[in-house]
1. Out of the residues in region 65-99 that are among the hydrophobic types (A, V, I, L, M, F, W, C) and at pLDDT below 85, state the one that is surrounded by the most Cβ atoms within 10 Å (Cβ to Cβ).
2. What number goes with the only condition from (1) over 60 Å from the mean Cα position of the chain (by Cα); (2) modelled with pLDDT of 85 or more; (3) over 30 Å from S5 (Cα atoms); (4) not hydroxyl-bearing (S, T, Y) that K56 does not pass?
3. If R111 satisfies every condition in (1) on the phi > 0 side of the Ramachandran plot; (2) modelled with pLDDT of 80 or more but one, which is the exception?
4. Would you say E184 is acidic (D, E), at pLDDT below 85 and surrounded by fewer than 10 Cβ atoms within 10 Å (Cβ to Cβ)?
5. Looking only at region 32-58, count how many residues are outside any loop (DSSP other than H, G, I, E, B), surrounded by 10 or more Cβ atoms within 10 Å (Cβ to Cβ) and among the basic types (K, R).
6. Go through the residues of region 21-37 one by one and say whether even a single one is at positive phi and without any contact (Cβ under 8 Å) to a residue 40 or more places away in the chain.
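The values are calculated or read from the model by the stated rules, or taken from the named source; none is laboratory data. Values in this document were obtained by computation on a predicted structure and should not be read as measured data. Ideal geometry is used to build each Cβ from the backbone, glycine not excepted, and the neighbour counts take in all protein chains shown.
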Amino acid sequence: MQHQSYQPLLLTGNKYLQQKWDKASYEIHLRKVKSAKPTIDTTAPKTYGHLALKMKKQKLEEQSMSKIQRENNMLLEKISRIMKTTGHIDNRNDYENKSLCREMQQQEWLRITKENQLILLRLTQCQPHYSIKDWHEDWLKTIKIMESIARYPRRVSDKKCNSCLKRPTECEEGEEEPDQQEEEAGM
């Protein structure tokens, strides 16, 4: 009774036969869809030997392994030598820094040293050009000017010896000040 509810797309004389034919053609269509091959190649790409092996990487790994092995052998030899001997290790570095302009640097250093020695010699032989006598005379003049400007002149006991700048009672030389000598001579 399914054929009675079936509505064919085309005009037909027998709905039952038309349903049977449509069902058969639909099954053929499903088989074709299942067995259809894609127009685009979706298979995995070919694997080439030179891409899978990567010889350069293997070579670098072998070199690094050989370097590590060589360093390990050197360390093993050093350890065995230390174990056989008293255990002292040779850690001295006898390398001497070499400069391309070493001679020029030495000549320049010698020149500077000679110049410094000449400057030192000139400084030690140089005589002072300041006169202590002139300084002392200038100081005496300054004291006279200070006393002439002062509102209240200093007492004799407050005056200091001009030669040693101490009070006359403390002065070891026992000299009187020139001002006192002039005052006594003037009186």
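1. Initial filter on region 65-99 (among the hydrophobic types (A, V, I, L, M, F, W, C)): 65, 68, 74-76, 79, 82-83, 89.
Narrowing the set further to residues that are at pLDDT below 85 leaves 82-83, 89.
Details: I82: 12, M83: 8, I89: 9.
Applying the filter and picking the extreme gives I82.
2. (1)
3. (1)
4. Working: acidic (D, E): yes; at pLDDT below 85: yes; surrounded by fewer than 10 Cβ atoms within 10 Å (Cβ to Cβ): yes.
Yes.
5. Narrowing region 32-58 to residues outside any loop (DSSP other than H, G, I, E, B): 32-35, 49-53, 55-58.
This time we only want the ones that are surrounded by 10 or more Cβ atoms within 10 Å (Cβ to Cβ), so: 53, 58.
Restricting the remaining residues to those that are among the basic types (K, R) gives none.
Residues flagged as outside any loop (DSSP other than H, G, I, E, B), surrounded by 10 or more Cβ atoms within 10 Å (Cβ to Cβ) and among the basic types (K, R) within region 32-58 amount to 0.
6. no
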